[in-house]
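One structure is given here, and the rest of the page talks about it.
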């Protein structure tokens, strides 16, 4: 009996995450400096952890509403209103999810009819295309380039849009490139979405980690509030990755549909994490500001470091990644990453893990201590010099 | 300037080149500013926190509440100086509330500290009374948790 034959062809059609493959190699090694981690090196600020402990003492251990605790939804919409001047009704336009990952899956399943096409700019987060495929849709990669600062342009989108196109899935500030989209560039994308009557799923999990200019929330653009499913969460800015807590904001029809799937598959996000998230929203700005300042220092160190090493690299302005080109070394991304790991014990992620257009680049996360970053830069320099 | 000072306060062993990269400035410029800050005594001293207990060299620390009679013209300053000149005194603060000066004294043994309080501190003219508290355990010093159990628990590669 070959059990593998019994697996759904849709699941079989999805390649395993490129990161996972690389992880297996790295996990075997000791004393590795890892710039391969897509999460903060800070632990969750103590006041947030402490509030969760207190919540447990008070008996917060039950299910919550499918939508999530109302107090949390109220705090979420309050913050979005405060930051971007977009208004949502916390009772029917907000859904608390198990991280943005779940919210993304729900959004796809809620809107896709089998065969629908979804435009997905690349390089981008590993789940985007997979979630589209799992929901029965067809992901259409939209290549972004270093020359364009890894921003998606309407020219490219116009070339790829078809009558089957249902939605556009964007994630800025971007993982893995660190690219941001300024307001004027987003406005053009918004006009494009209106013109073709597309739904926009905007993953803004790194919104608070923007280092130059201010983040523009896609929903805040003209005609975009109802057309957009806004995804955000607590993982990155509040250093709460393991809590698995995020949210979706959109019109009542979309949120209602997503909630329907959520109630049958997840029921609700863990109450412990919801309690902590309330504390994060109420009192978390100051610790967040401090972490933001530290990331920015490390970002500058990495940009300067890459420049000294001589790797071509555009200046990332968001998230905590730098995405240098390694094309001049003549190696593929995977070769570069593997060789660097083997000879210098520095782990980073090959760019092609984030889509074909990531080939020729590597993702370095600067969610690591300054001393580790400096040491890693030295090793990368030694590695490159030894090969030239 | 504030950012540079914060970076130095956190780790003063960083090279000028690294600080310059972090601050997006020229190394010579950073070096010059550090020199200026040192000369102006804005940077008073570079400090290292050592867990002496781990070295096996235990010491005794006492916090002493001191009530004093302030003096005409100089207030508390003159008496404070007479106290802080003693090398045994690690920290000295003027406080509001039930007493005036908080003196932190360190000695090798309990006897050393008691001796200092009895013979040196309480006999200073103007000292009305002292209340000595011995420190039992240090959990956190200068913002640093002495025995921090938290470690990096992240996987080495994640998306």
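Rg/Rh for chain B to two decimals, with Rh computed the Kirkwood way over all alpha-carbon pairs.
On the way: Rg = 21.0 Å, Rh = 19.3 Å.
Value, to two decimals: 1.09.
Within the stretch A:46-283, what percent of beta bridges assigned by DSSP are antiparallel, to the nearest 5?
30
Counting partner chain Cβ atoms within 10 Å of every residue's Cβ in A:298-305, what's the average?
Averaged over the peptide's residues, the number is 4.
Once you place label points 7 Å from the Cα toward the Cβ at residue A:155 and residue A:191, how far apart are they in nm?
Here the modelled spin labels are 1.5 nm apart.
Restricting to Cα pairs below 8 Å that are 6+ residues apart, what does the relative contact order work out to for the stretch B:4-159? Please round to a whole percent.
21
When the scattering of the stretch B:58-136 is computed by the Debye formula from its Cα atoms alone, each counted once and equally, what is log10 I(q)/I(0) at q = 0.14, 0.18, 0.22 Å⁻¹?
-0.40, -0.66, -0.97
Using helices alone, I'd like the mean residue ellipticity at 222 nm for chain B: each DSSP H run of four-plus residues gives -39500 (n - 2.57), total over residue count, nearest 500. Please list the in-between numbers first.
Working: 6 runs with 48 residues, N = 159.
Counting only the DSSP helices, I get -8000 deg cm²/dmol.
Give the angle, between 0 and 90 degrees and rounded to the nearest 10, that separates the Cα long axis of helix A:370-387 from the longest principal axis of the Cα atoms of chain A.
For A:370-387 against chain A, the angle is about 50 degrees.
Arranged from highest to lowest average of other beta-carbon atoms within 10 Å per residue, in what order do the peptides A:97-106, A:64-73, A:364-373, B:92-101 appear? Before the final figure, lay out each step's value.
Working: A:97-106: 25.0, A:64-73: 20.3, A:364-373: 22.3, B:92-101: 13.1.
Ranked from most to least packed, the peptides come out as A:97-106, A:364-373, A:64-73, B:92-101.
Among A:206-219, A:318-331, how do they line up from the highest to the lowest mean number of other beta-carbon atoms within 10 Å?
Values: A:206-219: 20.4, A:318-331: 21.9.
In descending order of packing, they fall as A:318-331, A:206-219.
In the Gaussian network model of chain A, springs joining C-alpha atoms below 10 Å, which of A:227, A:91, A:299 carries the largest mean-square fluctuation?
Fluctuation is largest for A:91.
Once you put a point 7 Å from the Cα of residue B:90 and another 7 Å from the Cα of residue A:61, both along the Cβ direction, what distance in nm separates them?
4.2
Could you tell me the distance between the Cα centroids of the stretch A:345-388 and the stretch B:1-24, to the nearest Å?
23
Remind me, relative contact order of chain A in percent, using alpha carbon pairs under 8 angstrom and six or more residues apart?
Reported relative contact order: 24 percent.
Which whole number gives the average, over all residues in A:27-39, of C-beta atoms from other chains lying within 10 Å of the residue C-beta?
Values: counts 3, 0, 1, 0, 0, 2, 1, 6, 2, 6, 7, 5, 4.
Partner Cβ neighbours, averaged per residue: 3.
To test your reading of the geometry: what angle, between 0 and 90 degrees and rounded to tens, separates the Cα axis of helix A:70-84 from the longest principal axis of chain A?
60
Given the DSSP H assignment, sum -39500 (n - 2.57) over each helix run of at least 4 residues in chain A and divide by its residue total; what's the result at 222 nm in deg cm²/dmol, nearest 500?
-13500 deg cm²/dmol
Going by alpha carbons, how many degrees (0 to 90, nearest 10) lie between the helix axis of A:99-111 and the longest principal axis of chain A?
Taking Cα atoms only, the helix is inclined about 60 degrees.
Would you please calculate the Kirkwood hydrodynamic radius of the stretch A:46-283 over all C-alpha pairs and express it in Å, rounded to one decimal? Spell out each step's value before the answer.
Values: mean 1/r = 0.0558 Å⁻¹.
17.9 Å is the Kirkwood radius here.
Provide the descending list of Cα extents for the protein assembly as shown along its principal axes, expressed in whole angstroms.
93, 60, 55
Determine the shielding of peptide B:144-157 by partner chains: average, over its residues, the number of Cβ atoms on other chains within 10 angstrom of each Cβ.
5
Each reported figure results from applying straightforward, stated rules to the coordinates on display, with no laboratory input. All of these numbers come straight from a predicted model, not from anything done at the bench. Here the Cβ is made from the backbone with ideal geometry for all residues, glycine too, and neighbour counts use every protein chain on show.
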